[in-house]
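Shown next, in structure tokens, is the structure this report addresses.
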Amino acid sequence: MSRLPQSSLGTIVCCGKIAANMKVVALSLLASVAFAFAIPNQSLAKRAFNSGWNPLGDTSTILTSDPTIESWGPLRVDAFGRGQESQLLHNYWDGQWHNWQAIGGPISTEPTAVSWGNNRIDVFALGIDSAIHTSRWDGSTWSAWTSIGGAFISPPKVVSWREGRLDLFVVGTDSALYRSFYDGESWSEFENLGGEIIAEQPAAVTWGEGHIDVLVRGTDHTLWLKRFDNGWKEWVALGGELITRPTAISWGPGRVDVFAVGLDTVARHKYYDGAWSPWKSLRERATSIIAPCSWREGHLDIFVRGTDSEIHHSAYIDGSWRNWESTGEEKFHSPPACVARADHHYDVIAVGSDSVAYTLSRT
């Protein structure tokens, strides 16, 4: 079994007791830090949000996982989460939100969803048997909740780089990264891609046919890259001292943006545009992963839960980051999730302190 190399130029490697101490310090900081947020850019806030947070469907439905959100068209948004009885729950927007419905399960992790075309969406989660399970929407019905096998310890992440193609990544019981792909007919056997990875959802992004970047937090708490470019490349260390899993997005060919929270509990960003940039502080204390979305080339919106338990927003426009702003006084206990469905349109979802899902949109 291949493993990540133990050292690499420009990488701070920590392991054993050092890594454990880092984790304790980071958790302590998250629990106790107080931070003065940057003064919000009011013109940006007014432009960005048409209305405040609203319940997503009926308020009697309780979510017991982080939510996920996906879109297959400008007039469609699909949301997923785990219910009180470990069932996979689904809701959708087609001009209005509906009530939550169970479409599968039982599941043990938050679900993930991906769309590769109009009226097509696939949703995945880890079952209580530790195998990957899936269902798909074909425009009229959901397929049966089906196992594609394996035994894993993290939620899966799935990407699509063309119609009919899906690539799934997940962490195995040996802390290695595994991959399976769907070719339009069937799923492949799981392939061991090596690595020493923390048991959390990998980040994966594609910016062209035959190209995938998988980004993970290693057991040394640094960022590692596994790239597929018409064949798998060696693992590459990208540095950082991270206390959250990375998230990633691409807004165009040859561009990848990665986000994570550093040891100092501050949100951080790095990007690839032919070469990797250094990590850059985004000057915002965070208590969750960072949720990015993009509705056009050169534009990013990111959302994070702040130390006040509110969801905070910043945007990358014309080559620079805007000031952070609170999206409202509502308190949340889940990270946000975001999806862009058309130019100037995105939707955000998060689970409130009452365990009910809420949504915020820009239209």
Using alpha carbon coordinates only, what is the Rg to Rh ratio of the chain, with Rh defined as the Kirkwood radius?
-> 0.93
Tally Lys and Arg at +1 and Asp and Glu at -1 over the other residues with C-beta under 9 Å from the C-beta of Val123: what net charge comes out?
-> -2
Placing one equal point scatterer on each C-alpha of the range 178-290 and summing with Debye, one gets log10 I(q)/I(0) at q = 0.13, 0.14 Å⁻¹ equal to -0.50, -0.58
To the nearest 0.05, what FRET efficiency results for Arg283 and Trp142 with a Förster distance of 51 Å applied to their C-beta separation?
-> 0.75
Dipole magnitude of the chain about its Cα centre, charges +1 at Lys/Arg Cβ and -1 at Asp/Glu Cβ only, in debye to the nearest 20?
-> 760
Using alpha carbon centroids, what distance separates the range 272-289 and the range 325-363, in Å?
-> 21
So what is the 222 nm mean residue ellipticity for the chain from helices alone, if each DSSP H run of at least 4 adds -39500 (n - 2.57) and you divide by all residues, rounding to the nearest 500 deg cm²/dmol?
-> -2000 deg cm²/dmol
Given Gly262, Trp251, Trp224, which one lies farthest toward the positive end of the charge dipole of the range 218-277, if we put +1 on the Cβ of every Lys and Arg and -1 on the Cβ of every Asp and Glu?
-> Trp251
Grab every C-alpha pair in the range 72-212, bin the distances at 5 angstrom width from 0 up to the longest one, and report whole percents.
-> 2, 10, 20, 23, 21, 15, 7, 2, 0
Where N is the number of residues in the range 227-363, Cα Rg divided by 2.2 N^0.38 Å = 1.07
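Laboratory data are not the source of any read-out in this text; all were calculated from the coordinates shown. What you see is a predicted model; the values in this text were computed from it and never measured. Because the Cβ atoms are built from the backbone with ideal geometry, glycine has one as well, and the counts that use them run over all protein chains shown.
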